[in-house]
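Enquirer: Questions regarding the structure given below will be posed in turn.
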Amino acid sequence: MNYSLEQINKILQGEIIGNTTQVITAPEQLERASTSEISFIGNKKYEKLWETSKACVAVVNQDISIEPGNNRAFIKVKNADLAMSQVLELFAPPTPIFNTEIHPSATIDASATIGKGTRIGAGCYVGPKVVLGENVTLYSNVTILDECTIGKNTVVWSGAVMRERCHLGTDCIIHPNATIGADGFGFRPCPERGLVKIPQIGNVIIGNWVEIGANSCVDRGKFSSTIVGDGCKIDNLVQIGHNSVLGRFCIMAGNSGLAGSVTLGDGVIIGGSASIKDHTTIGSGAIVGAGSGVTGDIEAGKTMLGYPAVEAREALKQWAILKRLVRDSGK
């Protein structure tokens, strides 16, 4: 797992500034890097950290304004953050080993269809009429209930659960203890029985290239489907309520949540701990800032902040006014 400066640049196809004879053994943050490690400068504000860093090489954006120094080098690229992902792939350790493709302790119903090259770990349960595509990986203690389908090359990590009749696309990653297809939160007051549970008879449909973080939940529809579009990236501890529909390439950061029947267009970004009211539509390309509370529809391309959320410029004006009021009240 050792590389020279030239070997790494052959992959990144950047411009080398300076030189080093040091063999590169690992990637690391600027502040923690040793003399044999490579780091990254993705923003000019971090240039100041280079002087005290011990890293021998940094992958940097083209607007870098400092020199690497003696026996040190920069690799200039168009996007240091994207290049970083390529370097991390070089040094990534292997994933957990399967000694057998299907562990003897896995329970697989006779009516299930298992694709070529699929691996199933210890303690997994694969229910009736489940269809697993080629090269699917189920790590230990995954539960896939009746009539679910999983597309080729998808990885499901330990403890994740897919309830009945849900569908997961190709090339997805489901992280530990995520739950797909739990009942939506549906109850109605009843004079005789207090709260009556509303049956949730729909399912969940997840597209291709989707990643769902640890302990996140995508609830099944009350009727029809909860839908997560192609390429969406869902962080840890995220809640997606019943009958919500996410377009393509949406991002939801940790602890954020959609109530029932929320619609997101393509490329929507939901910041951490943001909450979205039920039956709300957020247009394509809109951004909801961290901790914001959305109570109404948002037009495409808008950026919203605050609780309740308003347009970013308006929110910043309000906060500035509040700061002045507090400052003036103390005089």
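The values are calculated or read from the model by the stated rules, or taken from the named source; none is laboratory data. Only a predicted model underlies this, so the values are computations on that prediction, with no experimental measurement involved. Here the Cβ positions follow ideal geometry from the backbone for every residue, glycine too, while neighbour counts run over all protein chains shown. All accessible areas refer to the heavy atoms of the entire protein, side chains included, with ligands and DNA or RNA removed. Shrake-Rupley method; radii C 1.70, N 1.55, O 1.52, S 1.80 Å.
Enquirer: Among 321-329, 104-112, 299-307, 234-242, what's the highest-first ranking by average C-beta atoms within 10 angstrom per residue? Please report the intermediate quantities before stating the final value.
Expert: Numbers: 321-329: 9.2, 104-112: 12.8, 299-307: 16.8, 234-242: 22.4.
Put in order of decreasing packing, that is 234-242, 299-307, 104-112, 321-329.
Enquirer: In whole percent, what relative contact order does the chain give with Cα contacts below 8 Å and a gap of six or more residues? Intermediate values should be presented prior to the final figure.
Expert: Values: 962 pairs, mean separation 21.9, N = 331.
Once divided by the residue count of the chain, the mean separation gives 7 percent.
Enquirer: Pick from 313, 165, 193 the residue whose mean-square fluctuation is largest in a GNM of the chain, springs joining Cα atoms under 10 Å.
Expert: Looking only at 313, 165, 193, the largest GNM fluctuation is found for 193.
Enquirer: Report the FRET efficiency, 1/(1 + (r/R0)^6), for residue 164 and residue 312, where r is their Cβ-Cβ distance and R0 is 35 Å, rounded to 0.05. Mind showing how you got there, number by number?
Expert: On the way: r = 42 Å, r/R0 = 1.20.
Using R0 = 35 Å, I get an efficiency of 0.25.
Enquirer: Of 228, 59, 161, which is the most mobile in a GNM of the chain whose springs link Cα atoms less than 10 angstrom apart?
Expert: Largest GNM mean-square fluctuation: 59.
Enquirer: Rounded to whole Å, give me the distance from the Cα center of the range 32-101 to that of the range 149-171.
Expert: If you average the Cα positions of each part, the centres end up 34 Å apart.
Enquirer: Can you return the aspartates and glutamates within cross-link range of residue 302? Criterion is Cα-Cα under 14 Å, with same-chain partners fewer than 8 residues away left out.
Expert: Counting by Cα, and skipping residues close in sequence, residue 302 has these aspartates and glutamates nearby: 266, 311, 314.
Enquirer: Hey, another quick one. With a 1.4 Å probe and every protein chain left in place, work out the accessible area per residue of the chain in Å², rounded to a whole number. All intermediate terms of the calculation are to be shown ahead of the outcome.
Expert: Values: 17140 Å² over 331 residues.
Per residue, the chain has 52 Å² of solvent-accessible surface.
Enquirer: For the chain, what proportion of DSSP beta bridges, expressed in % and rounded to the nearest 5, is antiparallel?
Expert: On the way: 11 of 79 bridges.
Antiparallel bridges make up about 15 percent of those DSSP assigns within the chain.
Enquirer: Would you mind putting 201-208, 69-76 in packing order, based on average other-beta-carbon counts within 10 Å, highest first?
Expert: On the way: 201-208: 20.9, 69-76: 18.2.
Ranked from most to least packed, the peptides come out as 201-208, 69-76.
Enquirer: So, by mean Cβ neighbours within 10 angstrom, what's the order for 171-181, 86-96 with the highest one leading? Provide the component values of the computation, followed by the final result.
Expert: Values: 171-181: 21.6, 86-96: 11.5.
In decreasing order of mean packing, 171-181, 86-96 become 171-181, 86-96.
Enquirer: For the chain, what % of the accessible area comes from carbon and sulfur atoms, probe 1.4 Å? Intermediate values should be presented prior to the final figure.
Expert: On the way: 9330 of 17140 Å².
Here carbon and sulfur together make up 54 percent of the probe-accessible area.
Enquirer: Which aspartates and glutamates have a Cα lying under 16 Å from the Cα of residue 129, excluding residues fewer than 8 positions away in the same chain?
Expert: Leaving aside aspartates and glutamates fewer than 8 places away in the same chain, those within reach of residue 129 are 109, 146, 147, 164.
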